[in-house]
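Contents: one structure, followed by commentary.
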Amino acid sequence: MAESVKASVAIGKKVLRPREQVEDQIKAAILSGALRPGDRLPGEVELARQFAVSRTTVREALRSLSTQNLITKTPGAGGGSFVRSIDLSSLRRALGDSVHNLLALGSIEFDEVAIVRQHLEVPAVRLAAVNRTTEDLVELRDIVALQKSISVEDPRVPALDEQFHGAIARASGNRVLASFVSALHLETEPVHYLDLSPEVGRTTVRQHQRIVRAIGEQNPDAGEEAIIEHLTYLREHILAYRQR
C-alpha cells in the first residue's frame, strides 16, 4: 500500500488576485530589465487584452506600481505609464516623497525625522573620515569656503547646507546611508528653522570647518565629536525658533 502524504508537507501556494498577478508580472519585467527606464508601457486597453483582465484591474495594478515608484504616469496626449529609473537617486526620491507626505498628513512629527537624520549623520561622518577621497575633501573645502564668503541673507545658504551634509554622506562610501541622510535632510532643512543672525552663521561655518578638518585628518573620533557639537547647536536653535 502506498504511503499517504504526510500532513506536514506544504503543497499549497498563495493564490493571487488578478490585480496582484498583473502587478507582479509587470514588476518582474522591470526588475529583469525586459522593461528599461523610460520605456512606455502599453495602454490600459492593450494590457487588459494581454493579461485577459478588465481595465479596472489593470488600472489598479498600475496605481500600485506608481506608489512603489516603479512607474510614473503622465497625463495628456503622448502621455501614459513610463518605467522610472531604479537607482540610488530613486531610493532617495522615494524615501523623501514618503516622508514628505507623512509630514504633510501629520502622521509623523518633524522632530522624529530630525532626530533620525541626526543619528545617521554621526556614522556618516565617521565613515567619511575613513573612506573619503581627495576629491571628496576638495568638494567639502570648496563648499565651506563659499559658505564663509557669503552673508546669511544670501539665497544660496540653504542649498549649500544641503550640499555640505550630502557631500559628507557620499564620502562615507555607503550609498544607502547617503540616500537616507540626503532625503531626511531635505525634508527637515534645518537652515529654514534657524534665526540666521551673523553670529549663528559664523558659528555654523566654524563648526563645518572643524568637521572638515577631522575628515581631512581621517580622525573619526574627532569627526563624531564635531558633528555632535554641530547638530546639538542646530537643534537648540531650532527649538528656540519654533517655540516663539
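The values are calculated or read from the model by the stated rules, or taken from the named source; none is laboratory data. What you are looking at is a predicted structure, and each value in this text was computed from that prediction instead of being measured. Don't worry about glycine lacking a Cβ; one is built from the backbone with ideal geometry, like all the others, and counts go over all protein chains shown.
Here are the numbers for this structure:
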{"read-out": "Residue tally, condition among the hydroxyl-bearing types (Ser, Thr, Tyr) and free of Cβ contacts under 8 Å to residues at least 12 places away in the same chain, over the range 90-125", "value": "2"}
{"read-out": "Breaking point among (1) surrounded by fewer than 15 Cβ atoms within 10 Å (Cβ to Cβ); (2) out of contact with any Asp or Glu (no Cβ under 8 Å at 6 or more places or on another chain), for residue 115", "value": "(1)"}
{"read-out": "Cβ pairs under 8 Å, 6+ apart, first in the range 194-207 and at pLDDT below 80, second of a type in the set (Gly, Ala, Ser)", "value": "195/240"}
{"read-out": "Residues within the range 28-54 that are acidic (Asp, Glu), surrounded by 13 or more Cβ atoms within 10 Å (Cβ to Cβ) and without any contact (Cβ under 8 Å) to a residue 40 or more places away in the chain, tallied", "value": "1"}
{"read-out": "Of all residues making up the range 137-157, the number that are surrounded by fewer than 14 Cβ atoms within 10 Å (Cβ to Cβ) and either within 26 Å of the chain's Cα centre (by Cα) or not assigned by TED's automatic domain parsing to the domain that holds residue 198 (or both)", "value": "4"}
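A quick yes/no check of all residues on (1) closer than 24 Å to residue 101 by Cα; (2) part of a loop (DSSP other than H, G, I, E, B); (3) touching a strand residue (DSSP E or B) at 6+ places or on another chain (Cβ under 6 Å):
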position: 26; (1), (2), (3): no, no, no
position: 29; (1), (2), (3): no, no, no
position: 37; (1), (2), (3): no, yes, yes
position: 47; (1), (2), (3): no, no, no
position: 58; (1), (2), (3): no, no, no
position: 64; (1), (2), (3): yes, no, no
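Conditions (1) modelled with pLDDT of 90 or more; (2) aliphatic (A, V, I, L, M), marked per residue:
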residue: 33; (1), (2): no, no
residue: 39; (1), (2): yes, no
residue: 45; (1), (2): yes, yes
residue: 48; (1), (2): yes, yes
residue: 63; (1), (2): yes, no
residue: 77; (1), (2): no, yes
residue: 83; (1), (2): yes, yes
